[in-house]
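Here the structure comes first, spelled out in structure tokens, and everything after it is commentary.
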Amino acid sequence: MKFSPVQLMVVAIFIIATINKIYAQNINGRVIDEKDTPISQVAILRDSKIIATTDENGVFIIEEIVKLPFKIELQHPSYSSRKFVVSSDNSVFQLSVLEGTQLLNEVIISSTYQKQSRIIIPSSRITAVKLDQYSPVDLVSAINETPGVYIQSGALNTNRIVIRGVGSRTLYGTNKIRAYFNGIPITNGTGATAIDAYNSEDISDMEIVKGPKATQYGTNLGGTLLLNSKQASAGETYLKSSNTFGSYGLMKNSVSVATAANNSTFNLNYDHMEFDGFRDNSRYERSTVFLNSTYSFDEKNEVGVLFNYIDYNAQIPSSISKTAFEEDPTQAAYTWGASQGYEDNKQLLAGITYTHLFSENFSNTTAVYYNYLDHYEPRPFNILDEFTNGYGMRTLFAKDFNFWDTEASLSFGGEFYKDQYNWKTKENLYEDNEGGGSLEGSLLSDNIENRNNLNVFATITVPVTGKLKAQLGVNINKTNYDFKDVLNSGMNNKDADRNFDPIFAPNLNVLYQLTPNMKAYVNVSRGFNYPSIEETLTPEGVINPELGPETGFNYEIGSEVNVFNRALHLQFSAYLLDINNLLVAERVGDDQYIGRNAGKTEHKGMELAISYIHKIMDGWSISPYVNAEISQNRFIDFVDRTTDYSGNDLTGVPNNKVNGGVRFELKNFSFNANVLHIGDMPLNDANTLYSDAYTIFNSQFSYKNYITDQLSIGVNVGINNFTDQAYASSILINAVGFGGAEPRYYYPGMPRNWFGGVKIRYSL
């Protein structure tokens, strides 16, 4: 009988766990804050001597053989020190954030309500430690470790996030989720999110909420991404430089300076990256400037500033046919290569956040923000020239109160966003340019779109009993589009408005703490996705007043378990998501589409995440993990013109995904190995064509050491896809060949490639 690598990994986890339970004398514990978030780098002291520190999961291991119970003290520069008694029934310890002048005169910390989902049931979190286990240009692989989440990546600038099957029918980019950076929206007026525009080396953590459960962050059917930036710890000042090189001309340099002293924090980063790409017409170049700073006026008032500027140019090789994919995946699509298609972007996000404490348990955080995108994209069929100005405000009130002699909370607020999208299309005369690539011709269209989006929300969390907690939320959304045809006048003018009816989206979470190490939960929530204004246009460029939003209900149950003194962590969930009024993009020309509400889909599946931490001896540990999902996504009612696809599998999403790996640490050395398996998926609605399943292996070796107390250096080297698997990292569903050409379904994935880098950090 043969076993797959994933099966062997699962067996290994339980063998190691069993051996640890029988023979180990270690004592394990976990340190969290008041929001149940793990705290790393907490010093564990016994008799004034440090005997352990917590890792990125907040877990510490005491190797000394000590008779229970005994006393320990927990210390961290940003939290109040506390003493605890360790016993067989006490393995979770909570610290509170320092207040007043305790924190080097830093009085308050930005409201966690503004940067965290605050849902009481488990969500998924990706930390900077996890991001560091991959190449610094590979944010996609770290996110793909999350069960239920799959990013299809056609190129560095072409990523589509699919959460539990939602978003699989979006042809280019991501538009079924909502994303925030430091609590400020980065999703535009039509729901599109470009996650690839953000530098992974600026991110401290990312929370992923699957489904419409994060009421105060909108209720998109796909879910919510909450990105938070890095900043120095209290009393810390450092300079940091990171340099990465790799296959296909990869070069990346990042320089940072950060400080946190007295009543202010400051973090400035400059990043530049170049990548030739492994395909024709696929060069990528990006420069980023990032600034994040806070200042506390007094114990009740804090202001924060966020600035992120990105300038990048990316050539576009586009998708290719099956024949081209099998013969030479390095080639670009013929028309895209001949026109030398590319996109040039200048993008700005700026925001100011103000936090005020009315009392110890009542606060408000308000943010005003502005974003700008200047986008120029020569394509074979036309040249798109566009720019977008967007601005908005978000305010959130948070109140903690006593309910039946226990702590409860209430949050409420609103979010308004408005942007103006100006876009023109022009003829592309590349065929007459004698091999010189794209050439502007006559003006084809000139349009202005005004897009308004308003969310009002409220969430209350109350304890029902000592072990049972309930959370009820509601979100009300109002959206409208205003389309202006600048080019045409009279009867040919296509000005139009599209006002959607308000959508009411409730959400209920129930959590039951079975034991200190086991919890179970239930969720019922409603969500929606609005069509983009482009989808609302008919082939004649006229607004379709009958096209409406997708709506659906999400039902979910799950549990979270910690065993073996919290060394082994298991999280399981099962869900059912029913979506009505499915938005379908119908192809009407070469890379041109319109939208329709075509029917109903059903998304159901199970997700499992297992991780284990085994400390063999001082400075030596092994941490295996497995994340797996099995799902069934299908059309319940889908008639496309005269063809009935009801009962078919949903296009563009695999029914199974498995991600697993192991991390070895030996003092200053670490080694990470990871495997990702993606099942086959339908390429068309008829289910007559499927992509091939594939398995990718990645690995990384790193070394870090302190040269002096202030100076540290780190070296890493990694290999991605070291078996050189040929695979499609993204697909274009329902591709159609025009003029006798073969349909272009496939975006080839990267062949075997390597990367390496050096990180230097100097603390002042």
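The values are calculated or read from the model by the stated rules, or taken from the named source; none is laboratory data. Just so you know, these numbers come straight off a predicted model, no measurement behind them. Reconstructed Cβ throughout: ideal geometry from the backbone, glycine too, with neighbour counts over all protein chains shown. With ligands, DNA and RNA removed, areas are computed over all heavy atoms of the protein, side chains included. Shrake-Rupley method; radii C 1.70, N 1.55, O 1.52, S 1.80 Å.
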ask   = So, of the residues in region 33-55 that are part of a loop (DSSP other than H, G, I, E, B), open to solvent by less than 70 Å² (accessible area, probe 1.4 Å) and not polar (S, T, N, Q), which turns out to be modelled with the lowest pLDDT?
value = Lys35
key: Positions within region 261-277 being free of Cβ contacts under 8 Å to residues at least 40 places away in the same chain and in a loop (DSSP other than H, G, I, E, B), in sequence order   = Asp276
task = Please work out if Asp709 is at pLDDT below 95, assigned to a loop (DSSP other than H, G, I, E, B) and crowded, with 20+ Cβ neighbours inside 10 Å.
result = no
task = Report the residue count in region 549-587 for those that are basic (Lys, Arg) and either under 22 Å from Tyr521 (Cβ atoms) or in contact with a Lys or Arg (Cβ under 6 Å, 6 or more places away or on another chain) (or both).
result = 1
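Suppose we keep only residues that are in a loop (DSSP other than H, G, I, E, B) and open to solvent by 20 Å² or more (accessible area, probe 1.4 Å) within region 191-213. Which one would you say is nearest to Val522 (Cα to Cα)?
This residue is Ala192.
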query = Can you name the residue in region 305-332 that is in a loop (DSSP other than H, G, I, E, B) and touching a helix residue (DSSP H, G or I) at 6+ places or on another chain (Cβ under 8 Å) and, of all such residues, is most open to solvent (accessible area, probe 1.4 Å)?
reply = Gln331
query = Out of curiosity, is Tyr342 open to solvent by 30 Å² or more (accessible area, probe 1.4 Å), free of Cβ contacts under 8 Å to residues at least 24 places away in the same chain, aromatic (Phe, Trp, Tyr) and in contact with a strand residue (DSSP E or B) (Cβ under 8 Å, 6 or more places away or on another chain)?
reply = no
Residue selected from region 119-140 under the condition among the β-branched types (Val, Ile, Thr) and touching a Phe, Trp or Tyr at 6+ places or on another chain (Cβ under 8 Å), by the criterion surrounded by the fewest Cβ atoms within 10 Å (Cβ to Cβ) = Ile120
ask   = Does at least one position in region 470-484 carry a residue that is modelled with pLDDT of 90 or more, closer than 12 Å to Ile120 by Cβ and among the small types (Gly, Ala, Ser)?
value = yes
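Residue-wise test of (1) at pLDDT below 85; (2) surrounded by fewer than 21 Cβ atoms within 10 Å (Cβ to Cβ); (3) over 16 Å from the mean Cα position of the chain (by Cα).
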{"residue": "Gln102", "(1), (2), (3)": "yes, yes, yes"}
{"residue": "Ile109", "(1), (2), (3)": "yes, yes, yes"}
{"residue": "Ile151", "(1), (2), (3)": "no, no, no"}
{"residue": "Thr170", "(1), (2), (3)": "yes, no, yes"}
task = Name every residue in region 365-398 that is among the polar types (S, T, N, Q) and touching a residue at least 60 places away in the same chain (Cβ under 8 Å), in order of residue number.
result = Thr365, Asn371, Asn382, Thr388
inquiry  = If I go through region 238-255 residue by residue, how many of them are open to solvent by 40 Å² or more (accessible area, probe 1.4 Å) and touching a Leu at 6+ places or on another chain (Cβ under 9 Å)?
reply    = 2
message = Any residue at all in region 256-263 that's modelled with pLDDT of 90 or more, within 28 Å of Ile320 (Cβ to Cβ) and open to solvent by 40 Å² or more (accessible area, probe 1.4 Å)?
response = no
ask   = Got a sec? Which of Lys615, Lys600, Lys604 is among the basic types (Lys, Arg), in a strand (DSSP E or B) and surrounded by 20 or more Cβ atoms within 10 Å (Cβ to Cβ)?
value = Lys615
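Are any residues in region 724-735 open to solvent by less than 70 Å² (accessible area, probe 1.4 Å), at negative phi and more than 24 Å from the chain's Cα centre (by Cα), and if so, which ones?
Those that are open to solvent by less than 70 Å² (accessible area, probe 1.4 Å), at negative phi and more than 24 Å from the chain's Cα centre (by Cα): Gln725, Ala735.
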inquiry  = If I go through region 426-472 residue by residue, how many of them are open to solvent by less than 70 Å² (accessible area, probe 1.4 Å) and out of contact with any strand residue (DSSP E or B) (no Cβ under 9 Å at 6 or more places or on another chain)?
reply    = 3
query = For region 345-364, how many residues meet the condition of being open to solvent by 30 Å² or more (accessible area, probe 1.4 Å) and more than 26 Å from Tyr284 (Cβ to Cβ)?
reply = 9
ask   = Can you name the residue in region 278-304 that is touching a strand residue (DSSP E or B) at 6+ places or on another chain (Cβ under 6 Å) and in a loop (DSSP other than H, G, I, E, B) and is also surrounded by the fewest Cβ atoms within 10 Å (Cβ to Cβ) among such residues?
value = Lys300
ask   = Which ones in region 214-254 are in a strand (DSSP E or B), under 22 Å from Val140 (Cα atoms), more than 16 Å from the chain's Cα centre (by Cα) and not charged (D, E, K, R)?
value = Ser242, Asn243, Thr244, Phe245, Gly246, Leu250, Met251, Asn253, Ser254
message = Test of understanding: among Leu666, Leu676, which residue is at negative phi, touching a residue at least 40 places away in the same chain (Cβ under 8 Å), surrounded by fewer than 16 Cβ atoms within 10 Å (Cβ to Cβ) and among the hydrophobic types (A, V, I, L, M, F, W, C)?
response = Leu666
request  = Those residues that are open to solvent by less than 70 Å² (accessible area, probe 1.4 Å) and assigned to a loop (DSSP other than H, G, I, E, B), I need them from region 737-763; list them, please.
outcome  = Gly737, Ala741, Pro743, Arg744, Tyr745, Gly749, Met750, Pro751
task = State yes or no: is Leu511 buried (at least 16 other Cβ atoms within 10 Å of the Cβ), on the phi < 0 side of the Ramachandran plot and free of Cβ contacts under 8 Å to residues at least 24 places away in the same chain?
result = no
task = May I ask you to verify whether Leu650 is farther than 30 Å from Asp618 by Cβ, of a type in the set (A, V, I, L, M), surrounded by 16 or more Cβ atoms within 10 Å (Cβ to Cβ) and more than 24 Å from the chain's Cα centre (by Cα)?
result = no
inquiry  = For region 631-647, give me the residue count where each residue is over 20 Å from Ile731 (Cα atoms), assigned to a strand (DSSP E or B) and open to solvent by 50 Å² or more (accessible area, probe 1.4 Å).
reply    = 5
